[in-house]
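Report on one structure; see the data block that follows.
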Amino acid sequence: MVQQFLPKQPPLFISYLKVGKLLYISLLLFTAESWFFYELLQKTDSSNHKVRFVMFAGCFLFSFLHIFLVLMDGWSRFQNYKRIKDQLYIYGFHPRLAASYSGSKCQRNAAIVAAAELGLDDQINQFYYKLGIRWFHYIPYFMIQDPLFPFRRSFWSRTFLEKTYTSKFDFGQIAAGQVRQNQV
């Protein structure tokens with residue numbers, strides 16, 4: 001295990017929000033969009049405007065379904081965050097470890113938040129920069145490489161159905177213990 005001084009750790013809920021900040025912004029947008037199309041759907045007379053009714057119903061269902069997909073994606077990214085934080089704490093920064101979370105903006109964000117909480121944010125940001133990854137790379141690379149990704153089981157399991165991970169360490173207690181040791 002690599003021994004390192006830990007900065008003060010934020011509450012887990014704050015980390016959860018940081019990891020999924022882009023997802024939760026889109027959650028708000030999909031919620032507003034669902035409400036908007038629901039209102040339009042309510043005002044549309046289905047007997048006289050069948051095409052409009054079907055279009056608004058499709059748009060409502062699309063945005064409403066995405067609310068749940070975003071929540072599931074956020075939960076999966078939080079599981080990634082807990083896993084990589086444990087791995088970074090045990091092994092320190094390794095390019096191979098960071099590379100396994102480089103596929104999408106949300107996975108990179110989980111790794112970056114975990115690394116920042118361990119004081120390794122400079123190393124992981126430099127690594128992603130050397131890979132050619134920039135802040136505006138939002139579309140996951142697998143979507144570009146494999147247009148049939150929605151039909152792959154790995155896409156669904158890795159994006160929305162990540163298994164629950166229980167952290168091996170209480171980083172808040174570790175950081176608090178280091179502060180007490182330094183005061184003595």
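The values are calculated or read from the model by the stated rules, or taken from the named source; none is laboratory data. Keep in mind that what you see is a predicted model, and the values were worked out from it rather than measured. For neighbour counting, all protein chains shown are included, and Cβ atoms are generated from backbone atoms with ideal geometry for every residue, glycine included.
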Please enumerate the residues belonging to the stretch 23-55 that are modelled with pLDDT of 95 or more and acidic (Asp, Glu). 33
Picked from the stretch 23-48 (must be more than 16 Å from the chain's Cα centre (by Cα) and among the small types (Gly, Ala, Ser)), the residue surrounded by the most Cβ atoms within 10 Å (Cβ to Cβ) is 34
Residues of the stretch 151-170 classified as assigned to a helix (DSSP H, G or I) and at pLDDT 90 or above, total: 0
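Would you point out which residue out of 58, 20 is surrounded by 14 or more Cβ atoms within 10 Å (Cβ to Cβ) and either within 19 Å of the chain's Cα centre (by Cα) or at pLDDT 95 or above (or both)?
Among 58, 20, only 20 is surrounded by 14 or more Cβ atoms within 10 Å (Cβ to Cβ) and either within 19 Å of the chain's Cα centre (by Cα) or at pLDDT 95 or above (or both).
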Identify, from the list 184, 70, the residue that is modelled with pLDDT under 90 and of a type in the set (A, V, I, L, M). 184
